[in-house]
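Asks: One structure coming up, written as structure tokens, with questions to follow.
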Amino acid sequence: MQVHISTDEFQTMLKAALETLRCPLDGCDYVQEPPLRSQDMRRHLESHRSNKNRQKWVCCGVPREHMAVYGVTVPYNTITFKGIEMVNGCLRTFSRRDALVRHIKTQNNQCLAEEGFWHLLHAPEPPDSSASAM
């Protein structure tokens with residue numbers, strides 16, 4: 001169930017959820033098993049936020065000029081993201097960084113990590129890292 005939740009509403013819901021270990025949203029049966037980890041409940045509540053909140057992280061690939069660093073000779077696609085020509089990105093959006101990282105790491109996925117994820121993916125950083133995708 002996707003709903004628009006303001007920042008203030010989210011904080012109120014999170015506080016209530018941490019006290020009861022239950023999702024406070026009507027119609028959701030999620031109950032958190034002990035031990036209580038606030039980040040787990042926060043992550044669950046984030047899953048209810050509308051698509052407006054999902055566009056924090058975008059699979060936009062890597063700058064075309066750096067594709068050789070990743071062993072790409074023929075990109076499977078080319079897109080323009082924030083004015084930069086990018087390759088091997090699908091433009092799928094994610095509400096959480098870890099979901100984007102998991103998407104990039106998935107075997108048989110041709111998508112590549114955008115700049116800023118090299119340290120998370122243990123991929124080589126291009127020689128000139130001054131170009132930014134975000």
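Each reported figure results from applying straightforward, stated rules to the coordinates on display, with no laboratory input. These numbers come from a predicted model, not from an experiment. Positions of Cβ are generated from backbone atoms using ideal geometry, with glycine treated the same way; all protein chains shown enter the neighbour counts.
Asks: In the range 1-102, which chymotrypsin sites (Phe, Trp or Tyr not before Pro) fall in coil by DSSP and have 16 or fewer other Cβ atoms within 10 Å?
Replies: On the way: sites: Phe10, Tyr30, Trp57, Tyr70, Tyr76, Phe81, Phe94; in loops: Tyr30, Tyr76.
Here the chymotrypsin sites (Phe, Trp or Tyr not before Pro) that fit, given the DSSP loop and packing criteria, are Tyr30, Tyr76.
Asks: Express in nm, to one decimal, how much length is gained between Phe10 and Tyr76 on full extension, taking 0.36 nm for each residue of separation and deducting their alpha carbon distance.
Replies: On the way: separation 66, 0.36 × 66 = 23.76 nm, distance 3.93 nm.
Roughly 19.8 nm would be gained on extension.
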